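*Asks:* Next up is a structure, given as structure tokens.
The values are calculated or read from the model by the stated rules, or taken from the named source; none is laboratory data. None of the values given here were measured: they were computed from a predicted structure. Methodologically, a virtual Cβ is constructed for each residue, glycine included, from the backbone with ideal geometry; neighbour enumeration extends over all protein chains shown. Protein only, heavy atoms only, side chains kept; ligands, DNA and RNA dropped before computing areas. Shrake-Rupley method; radii C 1.70, N 1.55, O 1.52, S 1.80 Å.
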Amino acid sequence: MSDKQACCAPAQAGLGVTDLPSAVDFATERRPHISVNVKSIKASVPFYRALFNRPPDKMKADFAKWEGDNPPMNVTINEHPDSVDRDGHFGIEVKSTEAVHAYYERMKRVSTGIQATEKDVACCFAVQTKIWAADPDGNRWEVFVVTDGEADEGCEASCLCYNPQTGGCEWS
């Protein structure tokens with residue numbers, strides 16, 4: 001991962017507008033993304049496997065992801081054994097970096113609290129370009145495209161969402 005940034009780098013001025021397509025194929029132009037913090041992956045995977053009626057599409061020691069088509073969605077669970085203070089975050093996965101940029105411009109026009117922009121970051125064991133924004137209640141949303149379906153990193157100390165107390169990606 002030496003040529004990639006870590007997940008959730010500090011806010012940058014814009015995204016750059018080199019359009020890259022999604023490395024992930026899904027049937028719609030966008031799909032919801034939900035990231036749920038759990039105390040134990042081992043204990044939680046059976047529940048989500050039953051809920052979605054299928055095994056995870058990607059599984060790591062502290063992370064599992066389901067990418068369903070009916071309904072189209074991207075749901076991840078992230079292990080935080082010592083603390084689950086928040087639900088995680090919410091998001092919209094899109095099909096290109098141009099679509100991420102369009103969201104950025106639209107959110108900027110309505111004075112949304114854009115917290116960060118990221119280009120080619122390793123996050124959730126994939127490479128992504130994204131924006132992060134918060135609604136008026138502090139609920140964090142990301143709009144992202146996966147430009148490479150595989151990365152060595154999940155989340156590390158330079159991530160915007162990294163919590164040094166638990167060693168994981170969660171909002172404090």
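*Asks:* Which order do peptides 70-77, 30-37 fall in by mean Cβ count within 10 Å, highest first?
*Replies:* Numbers: 70-77: 16.8, 30-37: 18.9.
Per-residue Cβ counts within 10 Å, averaged per peptide and sorted highest first, yield 30-37, 70-77.
*Asks:* Follow-up question, since we're still on this one. Once all Cα-Cα distances of region 26-70 are split into 10 Å bins that start at 0, what whole-number percent is in each one?
*Replies:* P(r) over region 26-70, rounded to whole percents: 24, 56, 18, 1.
*Asks:* If ligands, DNA and RNA are left out, what is the accessible area of residue 29 with a 1.4 Å probe, given in Å² to the nearest 10?
*Replies:* 130 Å²
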